Amino acid sequence: MKKIAVLFFCLALTLKVTAQTTNPKIGLFPKGTILYGNIPYANDTLKKHLLDIYLPPTGKSSYPLIVWFHGGAWMLNDKYADMDYMRSTLKAFVDSGYAVASIDYRYSTTAIFPAQIQDCNQAVEFLYQNAAKYKLDHDRIALIGFSAGGHLASLLALSNNNYVNDFYPTGKKPHFKIRLMLDFYGPSDFSTLKGDDFKDPRNPLSLLLGGIVTDNPAKAKKASPITYVDKNDPPFLIVQGEKDESVNPDQSRLLSSRLTAVGVKNELIIVPGAPHFGVMFDAAYIREKIFSFLNIYMK
């Protein structure tokens, strides 16, 4: 594989965690955080159809929900990924009274697109339908996603007010609505995603689509979040590394400009000198902007 595939794999290997019987990231959360772990959301036994719920230790009757979508080139990592380098932000969510749900979804090496967006829709619909059981406020749902997870979360948020039949496992549109999308360097338009190996059928995007982009333009368009931008979409906070070599910054600039053109509230933060992922995205000024958006759109 060439440069972009290597970068995706380096990211995945950096963040990958080994399956464990106990939650390996609970120590990142505030003391007393309540964990509901490895909940099956699809009424089956697939390990990639599990989610975790973390509740603040405050004993309230319900909490607004932030759903966490991990990165990993659509083929690696799990629901614990991205938490280590975003630990201050993650802790601040729970400290501020937000529940966090982290979801798994099937790898592209197991099932090609749209399997991943079907899983994401099914997981969020499960959370919506079981909100009372887990003390979640089903009317206040935000999404946060990183890289491939940013793509999937953005795709879910933008297509939520459309009816895209095969984005749902049963073909039935879910009931939930998304209040806010927090997009960390997720690709938005596969037709303009740069890289010198996109003609390689083994690169992450080709594996996701089941073939190279140029041979699958209709599917690439269908899988691109930007396809679904309209005036009824939720607000977006988009965070992008200036030196990202895996997802070119123009992906985020384009998404922001399209949202602005239709009147959707959004803001783009280009992090100076930042690569594709890492602790630079856990900076206090980014966290302050996240909570500014949460305080406006999740109250």
Scope segment 235-255; condition over 14 Å from the mean Cα position of the chain (by Cα) and not polar (S, T, N, Q); matching residues: P235, G241, E242, K243, D244, E245, V247, P249, D250, R253, L254, L255
Scanning segment 120-134 for residues that are touching a Phe, Trp or Tyr at 6+ places or on another chain (Cβ under 7 Å) and in a helix (DSSP H, G or I), which turns out surrounded by the fewest Cβ atoms within 10 Å (Cβ to Cβ)? Y128
Restricting to segment 26-48, give me the number of residues that are closer than 22 Å to C120 by Cβ and either crowded, with 21+ Cβ neighbours inside 10 Å or hydroxyl-bearing (S, T, Y) (or both). 3
Can you list residue pairs whose Cβ atoms sit under 7 Å apart, with the first residue in segment 257-279 being on the phi > 0 side of the Ramachandran plot and the second being in a loop (DSSP other than H, G, I, E, B) and among the charged types (D, E, K, R)? Count only pairs 6 or more apart in sequence or on different chains. G263/K231; G273/E242; G273/K243
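Yes/no per residue for (1) under 22 Å from F277 (Cβ atoms); (2) among the hydroxyl-bearing types (S, T, Y); (3) in a loop (DSSP other than H, G, I, E, B); (4) modelled with pLDDT of 95 or more:
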site: V100; (1), (2), (3), (4): yes, no, no, yes
site: Y107; (1), (2), (3), (4): yes, yes, yes, yes
site: Q118; (1), (2), (3), (4): no, no, no, yes
site: I141; (1), (2), (3), (4): no, no, no, yes
site: K172; (1), (2), (3), (4): no, no, yes, no
If we take segment 206-297, then helices (runs of 4 or more DSSP H) inside it with 3 or more residues that are hydrophobic (A, V, I, L, M, F, W, C) and more than 13 Å from L182 (Cα to Cα) are 250-261
Give the residue that is farthest from A284 (Cα to Cα), with candidates limited to residues of segment 34-89 that are of a type in the set (G, A, S) and in contact with a His (Cβ under 8 Å, 6 or more places away or on another chain). A42
Restricting to segment 213-224, name every residue that is surrounded by 15 or more Cβ atoms within 10 Å (Cβ to Cβ), in contact with a helix residue (DSSP H, G or I) (Cβ under 6 Å, 6 or more places away or on another chain) and basic (K, R). K219
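Results for (1) touching a helix residue (DSSP H, G or I) at 6+ places or on another chain (Cβ under 9 Å); (2) of a type in the set (F, W, Y); (3) crowded, with 20+ Cβ neighbours inside 10 Å, shown as yes or no for each residue.
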residue: L155; (1), (2), (3): yes, no, yes
residue: Y163; (1), (2), (3): no, yes, no
residue: F184; (1), (2), (3): yes, yes, yes
residue: S188; (1), (2), (3): yes, no, yes
residue: L193; (1), (2), (3): yes, no, yes
residue: G211; (1), (2), (3): yes, no, no
residue: I226; (1), (2), (3): yes, no, yes
residue: G241; (1), (2), (3): yes, no, yes
residue: L254; (1), (2), (3): yes, no, no
Which one of K199, K172 is of a type outside the set (V, I, T), surrounded by fewer than 18 Cβ atoms within 10 Å (Cβ to Cβ) and free of Cβ contacts under 8 Å to residues at least 12 places away in the same chain? K172
Listed by first then second residue, the pairs whose first member lies in segment 222-247 and is farther than 18 Å from D282 by Cβ, whose partner is at pLDDT below 95 and hydroxyl-bearing (S, T, Y), with beta carbons under 8 Å and at least 6 positions apart or on separate chains, are S224/S191
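The values are calculated or read from the model by the stated rules, or taken from the named source; none is laboratory data. Just so it is clear, the model here is predicted, and its values are computed rather than measured. No Cβ is skipped: glycine too gets one built from the backbone with ideal geometry, and neighbour counts run over all protein chains shown.
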